[in-house]
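Just so you know, all these numbers are worked out from the coordinates, no wet-lab data involved. Just so you know, these numbers come straight off a predicted model, no measurement behind them. Cβ placement follows ideal geometry from the backbone for every residue including glycine, while neighbour counts extend to all protein chains displayed.
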Amino acid sequence: MYRARPRSPLSSSSAASDVYKRQPPQELRRRCQDQLVMIEEQEVEIQLLHNQKEEVMEELVSARELLEDKRVHYDRLLETLESEKTINEGRLHEKERTTSRLEAALI
């Protein structure tokens, strides 16, 4: 299959670069200034996003610490309740034995 040669030359002085060469220096300067303004605005946005990310990370660390504190408190509370349950079960068992002895003595 026959392939035609490209019409535009593959050198650095292509039609697109010729357009820039034909523009007056003031137009080029204005375009550069516009692009610089756009880049500066993007840098400000990036800095704001970075600051927001840092704030979120700090909040996440605080939330994790709070959660860990609550877990430790919950574990201690659970241990206390289990200990009290064991004590109360022992007391109940002792009362039941005492009641059984008294009932046997009354009979």
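Side notes on the structure shown:
- Backbone phi angles across the range 60-75, fed through the Karplus curve with coefficients 6.51, -1.76 and 1.60 (θ = phi - 60°), yield HN-Hα couplings of 5, 4, 4, 5, 5, 5, 4, 4, 5, 4, 5, 5, 4, 4, 4, 4 Hz in residue order; Gly and Pro are listed as x.
- Shape descriptor for the range 46-107: Rg over Rh equals 1.64 (Cα atoms; Rh from the Kirkwood inverse mean 1/r).
- When only the Cβ of Lys, Arg, Asp and Glu is charged (+1, +1, -1, -1), the dipole of the range 67-107 relative to its Cα centre reaches about 180 debye.
- Between Lys70 and Gln35, the simple spin-label model (points 7 angstrom out along Cα→Cβ) gives 5.2 nm.
- Compared with the alpha-carbon gap, the fully stretched path from Gln42 to Arg97 is longer by 11.7 nm at 0.36 nm per residue.
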